[in-house]
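Novice: The structure follows.
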Amino acid sequence: MVDTTLLPVLKDYVRFDAESARRLQAMGPRIKPYQDAIVDRFYAAVLDDPGARAVLNSESQVARLRVTLTKWLEELFGGTYDEAYFEKRARIGRVHVKVGLEQRYMLAGMNIIRLGLHGALSKASGGGLGVFEDHRVVDQICDIELAIMLETYREDYVLKKTAEAESLAVMGRLTAGLAHEVMWFKTSFVGCPSCSTTSSTWRGHAGSILFDAMPVRCSRRSWSFAARRSSPRESSSSRTLA
């Protein structure tokens, strides 16, 4: 799970404070009339790109996602940016990871949103570009949103690498155990007249120990010879004679 302590770190980094939150909430009603145009531009870009379009299954899904994006825009100007807000944004990021949307589309998509918001703010400002501070907080919140979503990709990468490392560790332990058994067998039976590594008897022993987990089959003479070469612990093992 993405660490919720990341949110205050991001806020501090981009200087997002209570005044920033107040400005965003205040401009929400001015941006609202332009939300549909921003959503249209966003999904026009998605549908125009084969890679981004590949994660979509149907027109009905696109219609649902348009509603979701509109709600996301409304919440962007909600004025509350706490842990609940952070978790909700992280869940959106995980959905993108789950459906296999590549990271580059997160960056490109946020650029479309950002430009749309700056354009809407300028149009809503009555013949001017608008107040610089308003544009600044739009950039701040867009950067925070993007950082949260990209963090979910890092989270997924770490989880996969951890699982991979655990699998390799298990494989390593199994391999080490098998190597130990092979070395015990070879050192125990080296020089045994009836257990030459080229003999069928040797192959029979190896097959019994390594594959069939059957008791070692050896003549009494050979077993006595091996027992003399084995350590006390090894010679008292539970291997049985045929």
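Novice: Working only within region 4-53, note down all residues that are without any contact (Cβ under 8 Å) to a residue 12 or more places away in the chain and under 22 Å from Ile144 (Cβ atoms).
Specialist: Within region 4-53, Thr5, Pro8, Val9, Asp12, Tyr13, Asp17, Ala18, Glu19, Ala26, Pro29 meet the criteria.
Novice: Here is a further query. Does Arg94 satisfy being charged (D, E, K, R) and under 21 Å from the mean Cα position of the chain (by Cα)?
Specialist: Criteria met by Arg94.
Novice: Something else about it: Does Leu168 meet the test of being in a helix (DSSP H, G or I), at pLDDT below 90 and either over 30 Å from Gln25 (Cα atoms) or within 18 Å of the chain's Cα centre (by Cα) (or both)?
Specialist: Taking the combined requirement at face value, the residue satisfies it.
Novice: Follow-up question, since we're still on this one. Looking at Leu101, Leu107, which is the one that is open to solvent by less than 30 Å² (accessible area, probe 1.4 Å) and either at pLDDT 90 or above or in contact with a Pro (Cβ under 7 Å, 6 or more places away or on another chain) (or both)?
Specialist: Just one listed residue meets the conditions, Leu101.
Here is a yes/no grid of residues against (1) at pLDDT 70 or above; (2) in a helix (DSSP H, G or I):
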| residue | (1), (2) |
| --- | --- |
| Ser122 | yes, yes |
| Gly126 | yes, no |
| Arg136 | yes, yes |
| Gln140 | yes, yes |
| Leu159 | yes, yes |
| Thr175 | yes, yes |
| Trp184 | no, yes |
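Novice: Something else about it: When region 140-154 is examined, which residues are found to be open to solvent by 40 Å² or more (accessible area, probe 1.4 Å) and in contact (Cβ under 8 Å) with a residue 60 or more places away in the chain?
Specialist: Asp143, Glu151 - these are the residues of region 140-154 that are open to solvent by 40 Å² or more (accessible area, probe 1.4 Å) and in contact (Cβ under 8 Å) with a residue 60 or more places away in the chain.
Novice: Restricting to region 91-106, what's the tally of residues that are part of a helix (DSSP H, G or I) and touching a residue at least 40 places away in the same chain (Cβ under 8 Å)?
Specialist: 8
The values are calculated or read from the model by the stated rules, or taken from the named source; none is laboratory data. Bear in mind the structure is a predicted one, so any value in this text is a computation, not a measurement. When we count neighbours, we look across all protein chains shown, and the Cβ atoms used for this are built from the backbone with ideal geometry, even at glycine. Areas reflect the complete protein model, heavy atoms only, side chains present, ligands, DNA and RNA absent. Shrake-Rupley method; radii C 1.70, N 1.55, O 1.52, S 1.80 Å.
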